[in-house]
1. Counting other Cβ atoms within 10 Å, keep those with at most 13, restrict to DSSP loop, and tell me which GluC sites (Glu not before Pro) in the range B:398-463 are left.
2. Measuring label to label, 7 Å along Cα→Cβ, what does B:SER430 give against each other copy in nm, shortest first?
3. Please calculate the 1.4 Å probe accessible area of A:ARG59, with all protein chains present, and give it to the nearest 10 Å².
4. Testing the spin-label approximation: label points 7 Å from Cα along Cα→Cβ at A:VAL350 and B:ALA506. State their distance in nm.
5. Of all the Cα-Cα pairs you can form in the protein assembly as shown, what percent are over 42 Å apart?
6. With axes computed from alpha carbons, what is the tilt in degrees of helix A:165-177 against the longest principal axis of chain A, rounded to the nearest 10 within 0 to 90?
7. For B:LYS3, list the lysines whose Cα falls under 29 Å from its own Cα; do not include residues on the same chain fewer than 8 positions away.
8. If I take all pairs of Cα atoms in the range A:401-516, what percentage of them are more than 22 Å from each other?
Number of protein chains: 2
Amino acid sequence: MNKRFVTFLPAGVKVEVESGTDLLTAAGKANIEIKAPCGGDGTCGKCAIHLKNGKAKARRESHLAARLMEKGINLACQTLVQDEDLVVEIPKTSAMSKHQVLVDSSPVNAGMSEALSNYLLNVWQLKELLLEKQESPLNGYPLHPLCRSIRLTLPAASLQDNRDDLNRLTMVLRKETKCTDINVPLAIIRDLGEILRADNFKVTVLLSEVGGKAEVIAVEPGHSHRPLYGIAVDIGTTTVAAYLLDLEKGRVVDTAGTHNRQARFGDDVISRIVYAVDETDGLKTIHQAIIDTVNNLVSDILVKHRAIRENDIRVIMTAGNTTMAHLFLGINPKFIRLEPYIPTANFFPVVKAQELGLRVNPDAPVFSYPSVASYVGGDIVSGTLFTNMGKEDAPISLLIDIGTNGEMVLGAGDWLVTCSCSAGPAFEGSGITFGMRAMYGAIERMEIDPQTYEVSYTTINNGRAIGICGSGLIDCLAKLRRTGIIDRAGKFQTSLPTDRMRIGEAGPEFVLVWQDDSDLDRDIIISEADVKNLLRAKGAVFAGIRTMLNVVGFELDSIENVYVAGGFGNYLNIPDAIAIGLLPDIPVQKYKYVGNTSAKGACMALLSQEAWAEANNLASKLTYIELSVGNLFMDEFVSSLFIPHTDLTLFPNVDL
Amino acid sequence: MNKRFVTFLPAGVKVEVESGTDLLTAAGKANIEIKAPCGGDGTCGKCAIHLKNGKAKARRESHLAARLMEKGINLACQTLVQDEDLVVEIPKTSAMSKHQVLVDSSPVNAGMSEALSNYLLNVWQLKELLLEKQESPLNGYPLHPLCRSIRLTLPAASLQDNRDDLNRLTMVLRKETKCTDINVPLAIIRDLGEILRADNFKVTVLLSEVGGKAEVIAVEPGHSHRPLYGIAVDIGTTTVAAYLLDLEKGRVVDTAGTHNRQARFGDDVISRIVYAVDETDGLKTIHQAIIDTVNNLVSDILVKHRAIRENDIRVIMTAGNTTMAHLFLGINPKFIRLEPYIPTANFFPVVKAQELGLRVNPDAPVFSYPSVASYVGGDIVSGTLFTNMGKEDAPISLLIDIGTNGEMVLGAGDWLVTCSCSAGPAFEGSGITFGMRAMYGAIERMEIDPQTYEVSYTTINNGRAIGICGSGLIDCLAKLRRTGIIDRAGKFQTSLPTDRMRIGEAGPEFVLVWQDDSDLDRDIIISEADVKNLLRAKGAVFAGIRTMLNVVGFELDSIENVYVAGGFGNYLNIPDAIAIGLLPDIPVQKYKYVGNTSAKGACMALLSQEAWAEANNLASKLTYIELSVGNLFMDEFVSSLFIPHTDLTLFPNVDL
Ligand code: FES
Ligand SMILES: [Mg+2]
Ligand SMILES: [Mg+2]
């Protein structure tokens, strides 16, 4: 084996490793600690380093690494020593610092990607609200958990009362639960005789009740007072969070969030589906990846609560988009992405934790939030539940969750319509020349001087600029228009008196950051094609909203509340978003950030049978509008490809 | 290792084997074929040999072998060569003969034990009736099998009809089945998308329907026309039979019967329970033994029907007593034998074949006949179904099944009472000095000359007498009384002028067979203590019948039908049984042998949802009378310890 030297800066430590070794491992040999919360999977982006000298090779596995590499950033865990000695600089943000340990009560660290920071901040804020501030996760629903324990004293067996043990138990359960259909699995029946008699017919029965049916999860001798725990999981395509709930007290005990380990198989649901369908054992592998993710979160939480054992976790509730739900349960997702876009299931069976390999009580039932359609999933149903939009007397409201798709719900009480518009990944940085996810070095805010056209900007963690993230792009579009650099159709005004305006290889472009100020070997620009892409993305969302309104015969001004959900929503500048015509021109005070409603709804459903019943009711009630049917959406879309819109009367308060 | 010679007679073949070798193996080495249908387990009794010279050692495992050994009979499979050379005679009945192969269409062979012959004859007669004579196993119920396949053409998915696949399927199933509750297991959902599309939304759905609930067992692409099979199993304590049913044609395809492999752990349910509870892994071992028994029967059948694969068997129905049902499902039977005699369950959950390790389609649901109480099991419920006693307008009938326990059902239509009286194993040969099971050499009929007191008798297979079996004992009791050898209380008239009457070690006894005529080294006698035992057995049965009549306020003459079920019933001499007061004094033409009703009812339930619903209805409806509560039974029992009874008016036609 060939040996090569790697020198780590700024410490100047030199270490000899075999070629083929990755730089994360090499740093470890040099006793230099680099952050790697994803364990070297190439998904967290926290092990970013600068290759100062020498040529290295990228592993072919991480999409994130590949994209960063194009931008001159290397992930230590994904970069392999080859035939040359290397000099590597570890930025402060990637090095483990004492500071980090000190502030560990907040999960957000200086070196984190903004997407993860934002997400973890959400998780943490929710924890703070629910846990430290004792705000109820029930959101108005009664505490009546999906799984509860009942302490019973059964009539003792005698020659006079010689019913069989199972009947003895179920007769009492029927009365206690008002359920007529009570299922006791064979595994429990097998030793029921001993269990009933161990403490003279006193038993503690654990059961989950749903819609008049009860499933017995465990029967234990005596009157047990062990607390009951459940785990609510928000399964996002990018990030996953788990919430440990005390089912009897109705409160969140702790939370943890991390990247979805499926990320190494693709960034978005489509690439995950392609992997699951096309690769050998793809479905099995990608299913296992999310199971591992959840198992790791659970053990991360439990390690902090030594008194709570895996076995004490008696029920799990998950919410995620339709693809995530399929992959979590190991259901073939193939037809989700093929026209006519049919999910295999919208309502999912309850399965036992052991069937999925989840490391909690093996008999814990695992519930999955129901979906509405291939692109309107359980996370949206969960959000609809959280916002109370389906409640009687609810005002007309709009729930909007923007990611690769924009998922929206419009309605009030009895009527609820929903749709999903393919906004494309522009807001997530894809398909834009210098677009990127919200990470180190991404431009997130900018100003353009209307006289000089000079650009000032801020980047995430104040890193040297390497690209623009979603919020930066929305800001950019608004400022380009405000300064007249582009017209309402997104066409560049090439005659402007500034050398920032020029004709590049792909047509007109505007320089946002000169090479010298950037961390790249070229200027950071935005092109006319980029702008068209962004217009399509924002146009799709707005057209979706308009289409729903048309279908139900309402106008924009009848909307009383706009709930902005999800990670992107959290750092979206609402006035900017209205200005470019992404969001409707409605008074800003009617907008409400609702955060991670997927997680919040999952917690609610675990803690309240009534909430879970309503979630299922909502999933049936939500009327899905397929935007690719008919011309309604297409007409609206074409009209929305202007800033803010072809029909200016829709944006009376916007003067761009 | 020591080597010893074994000489086999009559062939005179000599073979050298290591000491420790069993004689079945030794015979094999000598190319002499001995019958061993139980595979050398020591349970079938067919490998009986005579040890002519030398001392051998018995394995300590087989109860049957131990009992036969006392009688001077050795089972080849259970007899081990020790320090001495042996001379062994193989009786014709144990040798494999060409004759046997020729008559193989009837399962009964010359050398078989009578119990097994009888049982197999039952199985075979049933097969003949149902199979060759095309008599319907439905017994009046409609053909509507528990598991059926439906060929569906679902509406194709489109942008206009974009319901999820699961919903698409269940909506149609709801209409087709009239079931509102349709369960599709996750394993089937996982690839449902591909299956629906493989033949353009044409599918064949296999499902089992019970009480408005449907469980989907399989979904296959296209319109499949593979026949559907089910297996009905009668799980007896001693013998087990399997029936292969064509579910669509509603007929029996083939059958097989054998010994219950649990026999090596004890002869009766009590010793099986003791084994299951007291031995390490006892329950697991004894559960596996019955699973193995059923698996062997299934493969015995399938080997004859090459076109039918294990996977084609889609459903299983079992009927057996309560202990057998517990052991089959692996439920701890401990409390069945402890006062107050509580079974863990009377109604059993439906489980998948793979959960039990049954080698049929892994997803086949396995149904178990419901029981009524610890000693009134699914076999009796099955018999009650078969006799139509629970049907509206049914005349008052009595169903009676005599074994170690006498299980009885009395009733008509809406009311049915049942009880189990512990007759003890006297009729099975235990607890009687020369009692034995109905096997080779057992006296089955006898006459006693009223003048000379000389005894003439017939034995099973005309072997030299070695003991008396149940039917012989009933005959014996009747003849002892008729000739005045015993009085009505069973007391021996010791002053009779015959040397057959004498005082033995345990009191008065009567010689049935002199040593010289027997195959033993002593006289075969019946003692006063034996007679008392028999009176207790017959008294318990009759007292049980009387107690049931008392509870419901009817007299003996209101009984219109007496159904005599089970193996023992099949060779019971009814007039004899009435004469000793075992069965009520009712015109003989009202008695009906109904054979193996447990098996017949299991077949009915598999073929007809209506029959299965009625079986469950019967199990709820049957009112169990616990005879050990109160004095009612005890008073009747004491009055029944006479021949035929204390109250002679109950037996107007008996003149003993
Ligand atoms: S450790 Fe390299 S990306 Fe997470
Ligand atoms: Mg989400
Ligand atoms: Mg039987």
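1. Details: sites: B:GLU407, B:GLU428, B:GLU444, B:GLU447, B:GLU454; in loops: B:GLU454.
Loop-located and lightly packed - B:GLU454.
2. 7.4
3. Around 80 Å² of this residue is reachable by solvent.
4. 5.9
5. Numbers: 499145 of 860016 pairs.
So the pairs more than 42 Å apart make up 58 percent of the total in the protein assembly as shown.
6. With both axes taken from Cα atoms, the answer is about 60 degrees.
7. B:LYS14, B:LYS29, B:LYS35, B:LYS46, B:LYS52, B:LYS55, B:LYS57, B:LYS71, B:LYS92
8. Values: 2825 of 6670 pairs.
It works out to 42 percent of all Cα pairs.
The values are calculated or read from the model by the stated rules, or taken from the named source; none is laboratory data. Values in this document were obtained by computation on a predicted structure and should not be read as measured data. Don't worry about glycine lacking a Cβ; one is built from the backbone with ideal geometry, like all the others, and counts go over all protein chains shown. Side chains are part of the model used for accessible areas, which takes the heavy atoms of the whole protein and leaves out ligands, DNA and RNA. Shrake-Rupley method; radii C 1.70, N 1.55, O 1.52, S 1.80 Å.
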